[in-house]
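S.K.: Quick one: this structure, given as structure tokens, is what I'll be asking you about.
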Amino acid sequence: MLRLTSDKKIDIMVSTNTPSARCSDGDTVVFETLDCYDCSVTRQGERLNIERMHNPATGPLFIEGAMPGDALKVDIIKIETRDWGAMGTSFGEFAFKSIQGSDHSMHVYDIKDGFVEACGHRIPVNNMIGVIGVAPAGEGVLTVTPGAHGGNMDCRRIREGASIYFPVAAEGALLAMGDLHALMGDGEVFGYGLEVSGEVTVKVSVIKNMQLEQPLLIDKGEAMCIASGETMEDAAEKALTSMYRLLRRCGQDEADAGILMSMVCDVALCQMVNPLFTVRAAMPQEMLKSML
Ligand code: CA
Ligand code: CA
């Protein structure tokens, strides 16, 4: 099985990146990933004084046959992580702008038997991928930023067992991923999840002529349009507009597409801490079955 090692890393997703590896449509591939700190934090919570990349993503992977106008489907088969995670505190910014805490340190927690022991609680892990995407159309996008190409979406539903479709904008798609979290709540309020290195096993498939505006995520019976914008409202509107257009393409007329969404579409915040906000709009997967 093809394995992309974590020394093949990027901090910008762009069509001019040189591929780290190539694979065929339908292949299963393993991505070894560093944590968002470029693994510069020790298990004791010390920050090593090394030159580090910000939010590195492993790749990019060139998928033969993927062309602009196609979609790249990524089935997330397995996510494995190291047995500890790190999280820095961020008082005075993000969600805690009005809270001036005195703690600005790194906190480290053990991960054992599928649970995290933290702050007096035993919490079941939800391994997820913070950064996953393809080369965007036009200018490159740093791996700290989300967009229509994916990137730093920090959506906790991008996890083992889920599938995600990306709009292909460059030949070969140029898939990259990193920034795994063993846990992260919607909002990612401190600016970090429980950050871990690890490895992700995915199957990549080229879907011909599936025009997408935004990433489309399938998880546990729900189909979700994920969109990012300058404000939460902007991101939500983009996600909902994308979902509406998909329902229309599935044969719903203009009123019915909106009525169904008003009845059952759930909107949730993915993250509020990156350069753009990210929101997801979820419908029952069955309502989009004619295109999936
Ligand atoms: Ca992130
Ligand atoms: Ca992160």
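The values are calculated or read from the model by the stated rules, or taken from the named source; none is laboratory data. Please read these numbers as outputs of a predicted model, since none were measured by experiment. Cβ atoms come from the backbone with ideal geometry, glycine included; neighbour counts cover every protein chain shown.
S.K.: Which pairs have Cβ atoms under 7 Å, sit 6 or more apart or on different chains, and link a residue in segment 186-213 that is over 23 Å from Cys270 (Cα atoms) to one that is within 14 Å of ligand 2 (Cβ to nearest atom)?
M.R.: Qualifying pairs under 7 Å: none.
S.K.: Please find, within segment 35-67, the residue that is farthest from ligand 1 (Cβ to nearest atom) out of those that are crowded, with 18+ Cβ neighbours inside 10 Å and among the β-branched types (Val, Ile, Thr).
M.R.: Filtering first and then ranking leaves Ile63.
S.K.: Which members of segment 132-158 meet the condition of being more than 18 Å from Ala239 (Cα to Cα) and assigned to a strand (DSSP E or B)?
M.R.: Applying the first criterion (more than 18 Å from Ala239 (Cα to Cα)) to segment 132-158 yields 134-135, 137-144.
The answer is Val141, Leu142.
S.K.: Also, quick follow-up: From Glu80, Glu32, grab the single residue that is more than 16 Å from ligand 1 (Cβ to nearest atom), assigned to a strand (DSSP E or B) and over 19 Å from Ile10 (Cα atoms). Walk me through it before giving the result.
M.R.: Working: Glu32 fails: over 19 Å from Ile10 (Cα atoms).
Of the residues listed, the single one that is more than 16 Å from ligand 1 (Cβ to nearest atom), assigned to a strand (DSSP E or B) and over 19 Å from Ile10 (Cα atoms) is Glu80.
S.K.: Select from segment 170-200 the residues that are more than 10 Å from ligand 2 (Cβ to nearest atom), of a type in the set (A, V, I, L, M) and under 19 Å from Asp7 (Cα atoms) and write down the one among them that is nearest to the chain's Cα centre (by Cα).
M.R.: Checking each candidate, the answer is Met177.
S.K.: Out of Pro124, Pro146, which single residue is surrounded by 14 or more Cβ atoms within 10 Å (Cβ to Cβ) and either touching a strand residue (DSSP E or B) at 6+ places or on another chain (Cβ under 9 Å) or acidic (Asp, Glu) (or both)?
M.R.: Numbers: Pro124 fails: surrounded by 14 or more Cβ atoms within 10 Å (Cβ to Cβ).
Exactly one of Pro124, Pro146 is surrounded by 14 or more Cβ atoms within 10 Å (Cβ to Cβ) and either touching a strand residue (DSSP E or B) at 6+ places or on another chain (Cβ under 9 Å) or acidic (Asp, Glu) (or both), namely Pro146.
S.K.: Looking at Leu217, Leu175, which is the one that is in a strand (DSSP E or B), closer than 29 Å to Met87 by Cα and in contact with a Gly (Cβ under 7 Å, 6 or more places away or on another chain)?
M.R.: Numbers: Leu217 fails: in contact with a Gly (Cβ under 7 Å, 6 or more places away or on another chain).
The conditions single out Leu175.
S.K.: Filter segment 220-243 down to residues that are outside any strand (DSSP E or B) and of a type outside the set (D, E, K, R), then give me how many there are. Before you say what the answer is, go through the steps one by one.
M.R.: Here is the first cut: in segment 220-243, the ones outside any strand (DSSP E or B) are 220-221, 230-243.
Going one step further and asking which of them are of a type outside the set (D, E, K, R), we end up with 221, 231-232, 235-236, 239-243.
Final tally of qualifying residues: 10.
S.K.: Right, something else. Within segment 1-17, work out how many residues are part of a loop (DSSP other than H, G, I, E, B), over 15 Å from Val134 (Cβ atoms) and touching a strand residue (DSSP E or B) at 6+ places or on another chain (Cβ under 8 Å).
M.R.: The first filter runs over segment 1-17 and keeps only residues part of a loop (DSSP other than H, G, I, E, B), leaving 1, 5-8, 11, 14-17.
Applying the additional criterion that residues be over 15 Å from Val134 (Cβ atoms) yields 1, 5-8, 11.
Now narrow it down to the ones that are touching a strand residue (DSSP E or B) at 6+ places or on another chain (Cβ under 8 Å): 1, 5-6, 8, 11.
Result for segment 1-17: 5.
S.K.: Which of the residues spanning segment 1-46 are within 15 Å of Gly85 (Cβ to Cβ) and either in contact with a Phe, Trp or Tyr (Cβ under 8 Å, 6 or more places away or on another chain) or of a type in the set (Ser, Thr, Tyr) (or both)?
M.R.: Scanning segment 1-46 gives Thr33, Cys36, Tyr37, Ser40, Thr42, Arg43.
S.K.: Take the residues in segment 114-169 that are farther than 24 Å from Gly191 by Cβ and touching a Phe, Trp or Tyr at 6+ places or on another chain (Cβ under 6 Å); name whichever of them is farthest from ligand 2 (Cβ to nearest atom).
M.R.: Looking at residues that are farther than 24 Å from Gly191 by Cβ and touching a Phe, Trp or Tyr at 6+ places or on another chain (Cβ under 6 Å), I get Arg122.
S.K.: Another question, if that's okay. Please specify each residue of segment 244-277 satisfying the condition of being within 19 Å of Arg156 (Cβ to Cβ) and of a type in the set (A, V, I, L, M, F, W, C).
M.R.: Cys265, Val267, Ala268, Leu269, Cys270, Met272, Val273, Leu276, Phe277
S.K.: In addition: What residue, among those in segment 188-214 that are away from ligand 1 (no atom under 16 Å from the Cβ), of a type outside the set (S, T, N, Q) and assigned to a loop (DSSP other than H, G, I, E, B), is surrounded by the most Cβ atoms within 10 Å (Cβ to Cβ)?
M.R.: Kept after step one, since they are away from ligand 1 (no atom under 16 Å from the Cβ), are these residues of segment 188-214: 199, 201-214.
Going one step further and asking which of them are of a type outside the set (S, T, N, Q), we end up with 199, 202-204, 206-208, 210, 212-213.
Checking the rest, the ones that are also assigned to a loop (DSSP other than H, G, I, E, B) come to 208, 210, 212-213.
Details: Lys208: 11, Met210: 18, Leu212: 21, Glu213: 15.
Among those that are away from ligand 1 (no atom under 16 Å from the Cβ), of a type outside the set (S, T, N, Q) and assigned to a loop (DSSP other than H, G, I, E, B), it is Leu212.
S.K.: Within the set of pairs 6 or more residues apart or between chains, which connect a residue that is of a type in the set (Lys, Arg) inside segment 123-141 to a residue that is surrounded by fewer than 24 Cβ atoms within 10 Å (Cβ to Cβ) and modelled with pLDDT of 95 or more with Cβ atoms less than 7 Å apart?
M.R.: none
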